[in-house]
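To keep things clear, I will list the structure first and then write my remarks on it.
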Amino acid sequence: MSVGLFPGQGSYRVGSLDGLLADPDARRAIEAVDDVVVESLGRGLIKPLVDNAALGDDGLADVEPELTQVAAFALSVAVFEVLRARGATLSVLVGHSLGEIAALVAGGGLTVDEGTRVLCHRLAALREHDTSGGRMVALSCDRRRAEQVLALLPSSDTVVAVANGSTQTAVSGPADALSRVVRVADAIGLTATYLRAPHPFHNPLLEPARRAFADRVRGHRSHGFRIPVFSPILGRYYRDHDDLGELLAAHLVTPVEFGPAVSRAHSSGARVWVEVGGGRALTNLVRAHHPADTVCTPLHGTPDALAETVRFLGGTTTITLAPALAQVVPPLPVAPAPPPIRAVPPPAATPEVPRTAIPRDVIEARVRTLYAEALEYPEEVFEHDAELEADLGIDSVKQTELMARLGDAFDLGPRPEGMRMSDYRTFGRVIDFVVDSLAPENGSRR
């Protein structure tokens, strides 16, 4: 059983749409989205994304918060069209938050035109009716512990918004309350990361926007589904003739139970998971709980992997694309229990090498091997921009243990005073830490 996962807010990556425009099926889908965006928002989708690409993912989300949401939707719809047109098959579709709109389009419940209009109405309702100034923060813990953190706050406006499983829970609420959440999380050893979300999604604070959104889209009924679509928000499959407008409006104030949705699908036989969109956040969450399953990330990794994903899912036709980013990740070995973090065997004794003689690429290779062996992950997942927790599911406790192993392997000595794991959230930042620690001006810490 194969499951298509449709990511939502924050999943668009700079340049992702560019590579797909060379494919005729993807291009038709993107242009269909663009036509509605021009009509509804008064400007096109592609040009602002290209003009601001130099800002990077975070900068683009800050400058174009609405267009990056539309781009995430367009990206998912386009990737699905590439898969569908070439005979690749998926058994079930699951959307994550905003991604449910794309999943409904892919499943046949909405047309591309209708899905885009629904999304534009959603953006307008939020723009005009959310005055909360709220945001979202991801915590490296399960729902229960996140609720314990929230219980320490003086008000109840901050809530669990997204339960992604045992390794990640997102909360949403007013900005000042989230600042307290971050401080509490840091004090108890949890990683807290602000999400690229311009509103406090899945929170009763958005009730005024929910009412306005429902008024705009009420009566959008499903056309019937070609592929079943499961909603982690509703906790059920969408049904033929559901009032999709009313249900989608309710999303704004209802939490996402993604972790339980994955468990349910796995219990029903799901063993292949495909990220139908940008990045690999959802498939990494799956891998954290089901390491023996196979995951496909069609827009992340090797240049040929979108085509590899098509072939893996039973399609055969050649894809014409600009360089794409994707990979098919094989199953990880199954162990009776989560493997302990173990040290890499020390290298054979050699004459002491001056710190200046260790090139960065050698350091990076050694760190990658250490992390891969300690976690039993394939080395190729440790890319420079891979986020240890969000992408790889490595919680703050494991990150601390790995840092200790690095200290032993590179003779770095005691951790610097005031060092926080949240400052080293990507694999590249870990490499920077080791390189900086080995710099001649720092001398030996022993």
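The values are calculated or read from the model by the stated rules, or taken from the named source; none is laboratory data. In this text the structure is predicted, and so the values were computed from the model without any measurement. Reconstructed Cβ throughout: ideal geometry from the backbone, glycine too, with neighbour counts over all protein chains shown. Only protein heavy atoms, including side chains, enter the accessible area calculation; ligands, DNA and RNA are left aside. Shrake-Rupley method; radii C 1.70, N 1.55, O 1.52, S 1.80 Å.
Quick one: net charge around Asp25, please, counting Lys, Arg +1 and Asp, Glu -1 for every other residue with C-beta under 13 Å from its C-beta. Walk me through the intermediate numbers first.
Details: positive: Arg27, Arg28, Arg84, Arg86; negative: Asp23, Glu31, Glu81.
Residues near Asp25 contribute +1 overall.
Semi-axes of region 135-286's equivalent ellipsoid from the Cα gyration tensor, sqrt of 5 times each eigenvalue, largest first, rounded to whole Å?
Values: eigenvalues 158, 90, 28 Å².
Gyration-tensor ellipsoid for region 135-286: 28, 21, 12 Å.
Report the far tail of the P(r) of the chain, meaning the percent of Cα-Cα pairs longer than 39 Å. Of all Cα-Cα distances in the chain, 21 percent exceed 39 Å. For the chain, the antiparallel share of DSSP beta bridges with both residues in that region comes to about 60%.
A Förster radius of 30 Å, combined with the Cβ-Cβ distance separating Val50 from Asp385, puts the computed FRET efficiency at roughly 0.90. Per residue, the chain exposes 42 Å² of accessible surface when a 1.4 Å probe is rolled over the protein heavy atoms with every protein chain present.
Taking a ≥ b ≥ c as the square roots of the eigenvalues of the Cα gyration tensor, region 109-157 is classed as oblate, since a/c reaches at least 1.5 and a/b does not exceed b/c.
Radius of gyration over Kirkwood radius for region 2-77, both on Cα atoms: the Rg/Rh ratio is 0.95. Couplings 3J(HN,Hα) of region 170-186, computed from phi: 9, 10, 9, x, x, 4, 5, 5, 5, 4, 5, 4, 5, 5, 5, 4, 5 Hz, in residue order, whole Hz [Karplus 6.51 cos²θ - 1.76 cosθ + 1.60, θ = phi - 60°; x for Gly and Pro]. Counting only the Cα atoms, region 215-309 fills a convex hull of 132 Å³ per residue. The C-alpha radius of gyration of region 33-176, expressed as a fraction of 2.2 N^0.38 Å, stands at 1.21.
Normalised by the residues of the chain, what does the relative contact order come to in percent, with Cα pairs under 8 Å and at least six apart?
Working: 861 pairs, mean separation 75.5, N = 446.
Relative contact order for the chain comes out at 17 percent.
If you model region 160-236 as an ellipsoid using its alpha carbon gyration tensor, with each semi-axis the square root of five times an eigenvalue, the axes come out at 31, 18, 8 Å, biggest first.
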